[in-house]
Every structure is written in C-alpha cells, then in structure tokens.
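Right, one structure below, let's go through it.
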Amino acid sequence: MRRLSLVFLAGMLALSAVADLAGQNTVSARGASIRIGGRMHTQYATSSVEAYQDHFFFRRARIEADITVNDFFDARFQPEFGGFTAELKDAYVRLIGRVE
C-alpha cells in the first residue's frame, strides 16, 4: 500500500509539472469577449499509521472571468471556493479614457 501511495504521489507531481494545460476558454461576440479560466489546488494526504486512510482531495478552486466589452471598458471577477466557503479574491470594473 505504501508503494502504491508513492507511485500515485510521483504521478501527481509529474502532472503538476506540465506547463499550461490550456484550461481557458474565450467567448467572443461583436467585439466583446469573456475569458474564463482558473486553477485548482489538489492535495494528497498519507500517514504511516495503519488506521489512517490515504486520501486525495481538492483543497480550493479559483475561477477567473476577464470581460472586455470594447476599447473603453473591461472587468475581472475572481472568486475562490474552498473549505466550504466562498471568497471574492479580486474584482474590478475599469473605464479607460484615452486622451489624444
């Protein structure tokens, strides 16, 4: 069982080393676009105590939504879900004035 846990852990480390898994989607219409992406923090717990069960779980998830309406307006919302709570990590609306 211990050997299986080490093999699983090695596999998870190898997967985490892969660069950019293209986990973002972009939707565009009439010059406006929404890019949705995010990341997930996983965790694997093991112990040498026989009564303790090894387990793999998702610790937190952070979703990102970047919205561009035109050259003058954009926004970002970034909530984080974890530990049975939700928290807004980043949010803004930006109006861009251009002086020419």
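With 5 Å bins beginning at zero, the pair-distance distribution over Cα atoms of region 22-95 amounts to 4, 13, 18, 16, 15, 10, 8, 6, 4, 3, 2, 1, 0 %. In this simple spin-label model, placing a label point 7 Å from the Cα along the Cα-to-Cβ direction at both Asp54 and Ala75 gives a separation of 4.6 nm. Given R0 = 22 Å, the distance between the Cβ atoms of Arg94 and Ala61 translates into a calculated FRET efficiency of 0.30.
All of the numbers you see were taken from the coordinates with simple rules; none came from a lab. Because the structure is predicted, anything quoted here is derived from the model rather than measured. In this analysis, Cβ positions are derived from the backbone assuming ideal geometry, glycine residues included, and neighbour counts consider all displayed protein chains.
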